[in-house]
Amino acid sequence: MQVVGYESGEGLSVASGGAVEFVEATPGTELAFGLGDRRCAGTVHDGDHVACDAADAPYCDAHRHVWVCARCTGTCLKDEMDCHEEHAVYLAAFAPDVLKVGVTRLWRLETRLREQGADRAAHIRTYPDGRIAREVEAELADRDDLVDRVRVPTKLAGFGRDVDAEAWEALLEGFDPIERFAFDDGLDLDDRPVAETMAAGTVRGWKGRVLVLDRGGSTYAVDARELVGYELTEEVPDRELQSSLGAFGG
C-alpha cells in the first residue's frame, strides 16, 4: 500500500494493486502505519493507480508534474494562454513575520489560502485574467517586505506563534483590501512541533499541507508531501523520536 497523494485537512490517498483508497486523517483519527521503501508514486488516471518502479521520489522525471503557471510573471509559458477568468492578487501572513504576495483564480481564493497554511490574508486586487495578475504579483514581489514563496520549514518555524500584527497592518496601509481573512487552525499548540516524517499517532489537525500528530507525549509536524511515495506497513517502528518539550529553545 503506497501513499500516492494527500488532501490537506482530510487524509491520504493510498494505492494497492491499481486500486486507490482514501485514509482519513481528520482531528482525532488514530494513524498506525510504519514507513517502508519509498519510490516514485506513479500516477492516478481515471481513478486507477499506474505504478512506477523508479527510485526517484516522490516522482520520477516521467511523472513529475510542473505547473508552469506558478512560474509565470506575465509572459505566458504555455503554447496558448488559457487563464481567461478572474484572478485574485492576495497578501498572506505566516507567523511570526513572513509576508507573501500571491495569485490564484478568484473562485479558489480561500481554498488556496488554506492550502498554504496562511495565518492571515487580504484580497487586494481582482483582474480579468491571470496574465495581468501575474505581472502585478511580480512587481510586488520585488519589494523588500514581500516574498512570493514560503517553504515548509519557514512555515513550521511559526507554528504556535502569533503574526506580527504591527507589520501586517503596516503592509496593508498601502492597499485597500477587498476582503480580509484570519484563519484559526485549531491546533492549540504550546510548543512548536518537531518536524518528522511518519504516519503514526493521533491527528491533532492540519495547517496547509502539514499534518500535526500527537505521539508519545510529544507533537510532530509531518509534511504530507514527504509521505508521498512511501509504502505503508502495518508494523509501527518503536524508534526514538525527538521530544517536542522545549522545542522553542527559550
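Answer with yes or no whether Cys76 is open to solvent by less than 80 Å² (accessible area, probe 1.4 Å), modelled with pLDDT under 85 and not in a strand (DSSP E or B).
yes
Within segment 162-190, take every residue that is touching a Leu at 6+ places or on another chain (Cβ under 9 Å) and under 22 Å from Gly9 (Cβ atoms) and give me the one that is modelled with the lowest pLDDT.
Phe183
Yes or no: segment 108-129 includes at least one residue that is in a helix (DSSP H, G or I), touching a Cys at 6+ places or on another chain (Cβ under 7 Å) and of a type in the set (Lys, Arg).
No.
Filter segment 27-67 for residues that are surrounded by 13 or more Cβ atoms within 10 Å (Cβ to Cβ), of a type in the set (A, V, I, L, M) and part of a loop (DSSP other than H, G, I, E, B) and give the result.
Ala41, Ala51, Ala54, Ala57
Do any residues in segment 167-178 that are in the same structural domain as Arg120 (by the TED database) have Cβ atoms under 7 Å from those of residues that are in a loop (DSSP other than H, G, I, E, B), where the two are at least six apart or on different chains, and which pairs are they?
Ala167/Asp97; Leu171/Asp145
Among the residues of segment 105-116, is there at least one that is crowded, with 18+ Cβ neighbours inside 10 Å and hydroxyl-bearing (Ser, Thr, Tyr)?
No, segment 105-116 contains no residue that is crowded, with 18+ Cβ neighbours inside 10 Å and hydroxyl-bearing (Ser, Thr, Tyr).
The values are calculated or read from the model by the stated rules, or taken from the named source; none is laboratory data. These numbers were taken from a predicted model, which means no experiment stands behind them. Cβ coordinates were reconstructed from backbone atoms using ideal geometry, including for glycine residues, and neighbour counts include every protein chain displayed. Heads up: the accessible areas ignore ligands, DNA and RNA and are worked out on the full protein's heavy atoms, side chains in. Shrake-Rupley method; radii C 1.70, N 1.55, O 1.52, S 1.80 Å.
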